[in-house]
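So that we are looking at the same thing, I have put the structure below in structure tokens.
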Amino acid sequence: MPPLLQRLKRLLPYIRHSRAGLLGALAGAAVTAATEPAIPWLLGRLLDQGFAGGGMPLWVVPVAIIGLFAVRSASGFVAQYGLAWTANRAVLQLRQKMFAQLLKSAPSVFSQQTASGMTNTLVYEAQSGVNQLSASLLTLVRDSFILVALLVYLLTLNWQLTLIVGLLFPAVAWVMRALGRRLHRLTVEGQKATDDLAYVVEENMLAWRIVRLHGAEAQQGQRFGGAADRVRQLMMKAVVAGGTMTPVTQMLAACALSVVIVIALWQSRSGGTSVGEFVAFVTAMLQLVAPAKHLSDVMAPLTRGLAAVERGLDLVEQSPAELGGTHDAGRARGEIVLQGVGLRYRDDSAPALVDVDLHVRAGETVALVGPSGAGKTTLVNLLPRFVEPTAGRITLDGVALADWDMLALRRQFALVSQDVVLFNDTIAANVSLGAPMPRQAVRDALQAAYLLDFVDSLPQGLDTLVGHNGSQLSGGQRQRLAIARAIVKDAPILILDEATSALDSESERAVQAALERLMQGRTTLVIAHRLSTIEHADRVLAFEGGRLVEQGTHTELLAHGGLYARLHAMQFRT
């Protein structure tokens with residue numbers, strides 16, 4: 001099977017439910033093609049019978065012309081509408097599958113690809129690629145049918161001359177295949193360069209404060225200019241590759257047409273062909289030029305459109321999905337055991353965790369402390385399987401994490417992080433994320449997080465939009481909204497990663513009291529750099545260089561005089 005057909009075959013699953021539109025498009029294109037030879041045939045009849053006094057009634061001419069073009073217009077509309085309907089349904093299904101795949105993809109996918117690149121593929125390239133494909137395929141199908149119809153008509157008129165025309169097609173096919181391969185390679189490189197350009201824009205939109213504070217506008221402008229120029233260079237190379245197809249094809253067609261006309265004139269002078277037949281043949285020959293040109297022109301947008309859609313197909317077919325088991329115990333007790341757990345993010349990097357053994361009892365509050373990069377966040381990310389250990393075993397209630405159903409496992413965890421993530425939706429929707437809750441339950445959670453008075457003061461109350469990632473809220477309000485979300489979820493295991501870091505002293509005391517009530521009866525893992533917030537933990541775990549170096553109560557570790565005591569002394573030194 002030719003490479004182009006193999007690549008188009010990948011789209012079949014997305015158009016199976018749109019067969020009616022596709023069949024309508026094919027029928028419309030076939031009818032349009034069938035009417036094409038009628039034009040030279042009608043012209044030949046006029047020359048041989050109308051102008052030569054053959055007695056053709058005058059009313060036949062306008063009726064034939066009007067009827068012919070009415071049929072062509074209707075069939076052309078049916079073909080265009082049917083293919084557009086099929087294409088738009090296909091892009092809808094492709095987008096839905098891409099987004100669904102992103103939602104269930106393994107976490108490694110998000111570390112290997114940029115957010116701007118995936119957004120560009122899902123939102124822009126999918127639509128642009130399908131639009132180009134639908135227009136190109138319409139041209140490809142319609143003009144292929146027209147070529148076949150005209151060639152059949154030419155064979156009936158003069159098969160010798162038609163064979164000469166047929167010699168044109170292998171040469172055109174070779175040119176289109178050679179240039180098509182180069183165009184596809186340049187298109188793929190252009191897509192990657194466009195992703196790089198979008199990533200530069202994304203970084204600068206997110207870091208605009210830092211860029212201005214450090215006076216880095218010129219530096220970032222040069223970086224953007226280099227990425228943009230790379231896109232320009234590749235686009236121009238693609239234009240050259242695509243634009244070469246048309247003049248080469250036209251020159252081949254001109255050579256074939258010249259030879260055919262010379263032979264046709266010679267046959268006409270020898271008396272073997274009437275004037276009407278000669279004009280009909282030449283007219284049909286000239287009509288071949290347009291679809292041949294269209295078919296050569298269509299390769300560039302067809303290649304670009306197919307390359308764009310293939311990125312979405314690759315995302316669906318090649319992004320690994322998360323693998324989970326089948327265990328679902330409802331609500332877990334919250335006993336967590338780590339046995340010899342180690343983790344490296346890359347083979348050539350230092351280990352993030354080294355041979356960690358840990359037993360967290362159900363309902364226990366455990367604090368994780370240590371310098372930055374010690375492995376605290378890595379450890380808590382292992383529990384809901386945001387990352388996978390490269391050594392050792394982790395169990396929840398005696399069952400290996402890999403054996404848990406993924407949804408059931410993550411129902412057991414609530415997370416309040418220093419990096420609060422909010423959606424541009426209402427306060428109520430953000431609090432009850434994933435499982436809509438009664439409004440009273442949302443209000444109770446906001447009350448427990450000491451945020452209800454503020455929400456009630458807003459004109460729209462719970463229905464207030466929070467803006468992009470909570471941009472309409474202060475840092476402390478965003479943090480308390482995340483705490484309310486954890487309260488509503490009511491999971492048996494609570495992870496607090498600097499949960500009060502964005503709060504002022506008064507708010508911190510209030511929220512700390514709410515968190516202490518929330519922590520009762522739950523297994524809680526607390527990551528804190530401010531050691532005053534974890535003095536009452538059941539146990540403190542001190543990490544350094546990815547290793548668990550000491551553990552015990554706050555008092556025991558101070559008396560031990562190790563890492564925890566040093567960290568504590570640094571914070572509380574007078």
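From Cα pairs below 8 angstrom and at least 6 apart in sequence, can you work out the relative contact order of the chain, rounded to a whole percent?
That works out to 15 percent.
Moving on to the next point. I want to verify the translational diffusion coefficient of the chain in µm²/s; compute it with Stokes-Einstein, Rh as the Kirkwood radius over Cα pairs, at 37 °C and 0.692 mPa s.
Roughly 110 µm²/s, to the nearest whole number.
Starting from 0.36 nm per residue, how many nanometres of slack lie between K192 and I65 once their C-alpha separation is accounted for?
Here the answer is 40.6 nm.
Related question: Tell me the net charge near D538. Cut-off is 13 Å between Cβ atoms, D538 excluded, with +1 for each Lys or Arg and -1 for each Asp or Glu.
Within the 13 Å Cβ shell, the charges total -1.
On to the next question. Under 21 Å Cα-Cα from K104, which lysines qualify once same-chain neighbours fewer than 8 residues away are excluded?
Straight-distance partners of K104: K489.
Determine, for E189, E125, the number of other Cβ atoms within 10 Å of each Cβ, and report the residues in order from fewest to most.
Sorted ascending by nearby Cβ count, the order is E189, E125.
About the Cα centre of segment 284-346, how large is the charge dipole given +1 on each Lys and Arg Cβ and -1 on each Asp and Glu Cβ? Please answer in debye to the nearest 20.
Value, rounded to 20: 200 debye.
Moving on. Show which lysines lie in cross-link reach of K97 when reach means a straight Cα distance below 26 angstrom and same-chain residues fewer than eight apart are skipped.
Partners within reach: K9, K192.
Let me ask another. Sorted by packing (mean other beta-carbon atoms within 10 Å per residue), highest first, where do 38-45, 426-433, 398-405 land?
Descending packing order for the listed peptides: 426-433, 38-45, 398-405.
In terms of Cα to Cα distance under 19 Å, which aspartates and glutamates are near enough to K237, apart from those fewer than 8 places away along the same chain?
Of all the aspartates and glutamates, those that pass the test against K237 - Cα under 19 Å, at least 8 places apart if same chain - are E189, D195, D196, D229, D297.
On C-alpha positions alone, give me the angle between the axis of helix 439-448 and the longest principal axis of the chain, in degrees, nearest 10.
40
If we count other beta carbons within 10 Å of each Cβ, what is the order of I394, I15, I495, fewest first?
Final ranking by Cβ density, sparse to dense: I15, I394, I495.
If you place +1 on the Cβ of every Lys and Arg, -1 on the Cβ of every Asp and Glu, and leave all else neutral, what size is the dipole of the chain about its Cα centre, to the nearest 20 Debye?
1600
Right, here's the next one. Within 10 Å of each residue's Cβ, count the other Cβ atoms and sort V211, V360 from fewest upward.
Exposure proxy ranking, most exposed first: V211, V360.
Taking the dipole about the Cα centre of the chain, with the C-beta of Lys and Arg at +1 and of Asp and Glu at -1, give me whichever of N469, V175, H359 is farthest to the positive side.
The residue sitting farthest along the positive end of the dipole is V175.
With n ≥ 4 as the cut-off for DSSP H runs, can you work out [θ] at 222 nm for the chain, using -39500 (n - 2.57) per run divided by the number of residues, rounded to the nearest 500?
The helix contribution divided over the chain gives -20500 deg cm²/dmol.
Starting from 0.36 nm per residue, how many nanometres of slack lie between T390 and R10 once their C-alpha separation is accounted for?
My answer for the length gained is 133.3 nm.
Sticking with this structure for a sec: Does a label point 7 Å from the Cα of V399, set along Cα-to-beta-carbon, have any residues of segment 513-531 with amide nitrogen under 20 Å, and which are they?
Output list for this probe position: 522-524.
Okay, next question. Return the distance in nm (one decimal) between the two label points of a simple spin-label model at Q472 and Q222, each offset 7 Å from Cα along Cα→Cβ.
With each label placed 7 Å out from Cα toward Cβ, I get 4.2 nm.
Next question. Tally Lys/Arg at +1 and Asp/Glu at -1 over every other residue whose Cβ is under 14 Å from the Cβ of A115; what's the total?
Surrounding charge for A115 is -4.
Coordinate-derived values only; no laboratory data. Not measured: the values here are computed from a predicted model. Glycine gets a Cβ as well: all are built from the backbone with ideal geometry, and neighbour counts include every protein chain shown.
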